[in-house]
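What follows is a short report on a single structure.
The values are calculated or read from the model by the stated rules, or taken from the named source; none is laboratory data. Everything numeric here is computed off the predicted structure, so don't read it as measured data. For neighbour counting, all protein chains shown are included, and Cβ atoms are generated from backbone atoms with ideal geometry for every residue, glycine included. Accessible surface is based on the protein model in full, side chains and every heavy atom, while ligands, DNA and RNA are left aside. Shrake-Rupley method; radii C 1.70, N 1.55, O 1.52, S 1.80 Å.
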Amino acid sequence: MLFLGFSAGIPILLIFSTLGLWLNEAGVIKSTITYFSWAALGYSFKFVWAPLVDRLPLPFLTKTLGRRRAWMLVSQLSIIGAILLMSSIDPKVNIDSLNVMAYGAVLLGFSSATQDIVIDAYRIESADRQMQSMLSATYIAGYRIGMLVAGAGGLFIASYLGSTKALYSYEAWSGAYMVMAAVMLIGVATTLIISEPQSKHTEARYTTQDYVQFFLLFLSVIATFILIFIVTADLVDTVKQALSEVFNNKHLAGFIVGVLQMAFALLGAYMVAKGMIMFNVVNQAMVDGTYINPIKDFFERYGMGVAVLLLAVIGLYRVSDIVLGVIANIFYQDIGFTKVEIATVAKTFGLLMTIAGGFIGGVMALRMGVFKVLFLGALLSALTNLLFIVLANVGHDITWLYITISMDNLSAGLAGAAFIAFLSSLTNVKFTAVQYAVFSSLMTLLPKIFGGYSGTLVEQFGYSEFFVITTLIGVPVLWLVYKIKPYIK
């Protein structure tokens, strides 16, 4: 789990903070930079294709490696391809190159989310529930080390190769991303070495035709979703301009139109799927077993009211952390810290604090129970955001950077270990991959959507006011966590 966590931790910062600094040095405006965080929404919609990963055998690989390892290998090779694609693009050239960079980031997010689906299922199937807290802590340690390599390592390499905010160098950033692609080979080696976990449930047997039809259903749904976005693009621009005049706020208009376009695309995709099932284009029993039964099982076990409450906690628990984290590195650079200082303090020292918090959280969860650590983590995650206000006022002060990073990362690690153990306890081993994918997708969906507007909020209000907002949005989470206390195992 340590090495699999490392493999999972490499890609995420190559979409978030490391990519953010690259784009910032290339002269891309902040609002556009934080929109790039939406490329990681693949993590938040991975429940859509998690059943495909769970059910669909891969030719040759599944028989050779097993169900989990086969998908693990394919996703890791796809991650390497996406990183190499991004390394070949200079975002400063023109808007077309920035668009290609965005496509590469989306591919990286999709591939990395797929790897997460398989690793989560592998972790849960490899050990009993009593071991999940410590197993999660070990996974998080590996994950954070991977983030250190992609974060601090990427910044050190780009800086060593000669790129600065004053003197941008595409070759430096390209070289850094190429090194990250090579580092992913550690994950590939781990996949080839480990053994396949013993499945705890029997699989229904389907024909090759069933699998092909199921795959066509998935492709049809995705194609419909994308097509609706393309077809409605001109209409969306027109409506956005009209609403901008009505509200006198182009950002609010863009948010409203974006939500409506997303809802319309989701509705269209659902109608296509429903039609294909009605006309027996796909095996109804297979769809039920893949999508319907895992969701139905969760609501039957907890009841509608409790299930909705649990999902609310999952969806909002990380909101303070993620919304602030999207723009953190850009904030450090804007107040005068160099890439080397950010890599040394925010990434390297911050990693140690996060790992320490993760193991403290794992041990506390075993001895005190998950609820107390979950509540403490939510409280600290909100309060430590206030330290960034102090940092914004004092400016380039390395001592305050150490204080802020140590408190913020320690609380994040503590909360993370308890939260992953909490999510794992909600799953039924019969539907491991799908249920955990739904939970972990929901965990980041709203925070990442809000996080995409971090740059816009900073441009509108300034950094100090933005940090106050990230603290306040964490307050309702405390009440939600308290309400689920009777249902935490």
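For the structure I just gave you, tell me whether Phe299 is in a helix (DSSP H, G or I), farther than 30 Å from Ser425 by Cβ and either among the aliphatic types (A, V, I, L, M) or modelled with pLDDT of 85 or more (or both).
When the stated conditions are applied, Phe299 does not pass them.
Name every residue in the range 83-125 that is among the acidic types (Asp, Glu) and out of contact with any helix residue (DSSP H, G or I) (no Cβ under 8 Å at 6 or more places or on another chain), in order of residue number.
Asp96
Report every pair of residues separated by at least 6 positions or lying on different chains whose Cβ atoms are under 8 Å apart, first residue within the range 315-331 and more than 16 Å from Ile420 (Cβ to Cβ) and touching a residue at least 40 places away in the same chain (Cβ under 8 Å), second small (Gly, Ala, Ser) and not in a helix (DSSP H, G or I).
Val319/Gly474; Ser320/Gly474; Val326/Gly452
Could you give every pair whose Cβ atoms fall below 7 Å, whose first residue belongs to the range 60-89 and is of a type in the set (D, E, K, R), and whose second residue is assigned to a helix (DSSP H, G or I), counting only separations of at least 6 or pairs across chains?
Between residues of the range 60-89 that are of a type in the set (D, E, K, R) and residues that are assigned to a helix (DSSP H, G or I), the close pairs are Arg68/Val118; Arg68/Ala121; Arg68/Tyr122; Arg69/Thr191.
Identify the residue in the range 1-25 that is β-branched (Val, Ile, Thr) and touching a helix residue (DSSP H, G or I) at 6+ places or on another chain (Cβ under 6 Å) and, among all such residues, is surrounded by the fewest Cβ atoms within 10 Å (Cβ to Cβ).
Filtering the range 1-25 for residues that are β-branched (Val, Ile, Thr) and touching a helix residue (DSSP H, G or I) at 6+ places or on another chain (Cβ under 6 Å), the one surrounded by the fewest Cβ atoms within 10 Å (Cβ to Cβ) comes out as Ile15.
Report whether or not Lys347 is of a type in the set (Lys, Arg), in a helix (DSSP H, G or I) and closer than 23 Å to Lys448 by Cβ.
When the stated conditions are applied, Lys347 passes them.
Lys347 passes all but one of (1) touching a Lys or Arg at 6+ places or on another chain (Cβ under 9 Å); (2) crowded, with 17+ Cβ neighbours inside 10 Å; which number fails?
Here Lys347 meets the rest and fails (1).
I'd like to verify a number: residues in the range 377-406 that are hydrophobic (A, V, I, L, M, F, W, C) and within 22 Å of Leu478 (Cα to Cα), how many?
Final tally of qualifying residues: 9.
Every residue in the range 90-104 that is without any contact (Cβ under 8 Å) to a residue 60 or more places away in the chain and among the acidic types (Asp, Glu), please.
Passing the criteria: only Asp96.
Being surrounded by fewer than 18 Cβ atoms within 10 Å (Cβ to Cβ) and not in a helix (DSSP H, G or I) is the filter; apply it to the range 237-295 and report the residue that is nearest to the chain's Cα centre (by Cα).
Asn249
Filter the range 187-196 down to residues that are surrounded by 18 or more Cβ atoms within 10 Å (Cβ to Cβ) and not small (Gly, Ala, Ser) and give me whichever is modelled with the lowest pLDDT.
Ile194
Yes/no matrix, rows are residues, columns are (1) at pLDDT 90 or above; (2) surrounded by fewer than 18 Cβ atoms within 10 Å (Cβ to Cβ); (3) touching a helix residue (DSSP H, G or I) at 6+ places or on another chain (Cβ under 8 Å):
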| position | (1), (2), (3) |
| --- | --- |
| Gly27 | no, yes, no |
| Ser37 | no, no, yes |
| Leu41 | no, no, yes |
| Ala50 | no, no, yes |
| Asp54 | no, no, yes |
| Leu65 | yes, no, yes |
| Met72 | yes, no, yes |
| Gln76 | yes, no, yes |
| Gly81 | yes, yes, yes |
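Which residues, counting only those in the range 126-152, are more than 30 Å from Lys430 (Cβ to Cβ) and open to solvent by 20 Å² or more (accessible area, probe 1.4 Å)?
Passing the criteria: Arg144, Ile145, Met147, Leu148, Val149.
Cβ-Cβ distance below 9 Å, separation of 6 or more or different chains: which pairs start in the range 207-236 with a residue that is over 18 Å from Pro51 (Cβ atoms) and open to solvent by less than 90 Å² (accessible area, probe 1.4 Å) and end on one that is of a type in the set (Val, Ile, Thr) and part of a helix (DSSP H, G or I)?
That search, which allows pairs on different chains as well, returns Phe229/Val236; Val236/Val257.
Could you list, in sequence order, the residues of the range 460-487 that are open to solvent by less than 60 Å² (accessible area, probe 1.4 Å) and within 19 Å of Gly305 (Cβ to Cβ)?
Val477, Leu480, Val481, Ile484
Mind counting the residues in the range 392-408 that are touching a residue at least 60 places away in the same chain (Cβ under 8 Å) and surrounded by 24 or more Cβ atoms within 10 Å (Cβ to Cβ)?
1
Among what's in the range 156-185 and is in contact (Cβ under 8 Å) with a residue 40 or more places away in the chain and over 17 Å from Leu14 (Cα atoms), pick the residue that is surrounded by the most Cβ atoms within 10 Å (Cβ to Cβ).
Top of the filtered list is Tyr168.
So Thr354 clears everything in (1) surrounded by fewer than 16 Cβ atoms within 10 Å (Cβ to Cβ); (2) within 24 Å of Leu135 (Cβ to Cβ) except one condition, right? Which one?
Only one criterion is unmet by Thr354, namely (1).
Tally the residues that are out of contact with any Ser or Thr (no Cβ under 6 Å at 6 or more places or on another chain) and more than 20 Å from Val458 (Cβ to Cβ), restricting the search to the range 319-346.
Result for the range 319-346: 5.
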